[in-house]
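Beneath this line is the structure, given in structure tokens, with notes to follow.
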Amino acid sequence: MAQAPNARWSTDITRIWGVPQERWIALTATMDCHSRESWNGDGPGTTACQKVAEATLEDALIGRFWTLARRRARPLTLRSDNGLVFTSRRLVVSVQRPDLQQKFSNRTRPSRMA
């Protein structure tokens, strides 16, 4: 449980079959673990999943802080599973900032975040 807003966010992605579009759709959510405020994104569920996850994270940062480059006194922790989307070079590079830390769930116990 997060003690204050903007201390820990959680993110995840899933793919569903979109009936009207007749294609896979990637749905991503990023949520503040304290306030439960969330940001959602969707897009093509093929190789573009990393782009959808990155765009959702950027939307969350802009929606909360009005900028991507805001300096925070305490680093914001972004927690996710060890999926290929969240360990991709594209997302890892976008998360590498002094005010943002990426942490992954424990491989053997997904319900416990390391």
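Values in this text are rule-based calculations from the coordinates and carry no lab data. In this text the structure is predicted, and so the values were computed from the model without any measurement. For neighbour counting, all protein chains shown are included, and Cβ atoms are generated from backbone atoms with ideal geometry for every residue, glycine included.
Expressed as a rounded percentage, what relative contact order does the chain have, with Cα pairs under 8 Å and six or more residues apart? Numbers along the way, then the final one.
Numbers: 202 pairs, mean separation 24.8, N = 114.
Worked out over the chain, it gives 22 percent.
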Computed [θ] at 222 nm, helices only, for the chain once each DSSP H run of length n ≥ 4 contributes -39500 (n - 2.57): -6500 deg cm²/dmol
For the chain: span of alpha carbons on each principal axis (Å, largest first): 45, 36, 27
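Would you mind calculating the gained length between residue 48 and residue 23 on full extension (0.36 nm times residue separation, minus the Cα-Cα distance), in nm to one decimal?
7.7 nm
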Each label sits 7 Å from Cα toward the beta-carbon; between residue 82 and residue 58 the label points are separated, in nm, by 2.9 nm
Degrees separating the helix 49-65 axis from the principal Cα axis of the chain, which is the longest one: 40 degrees
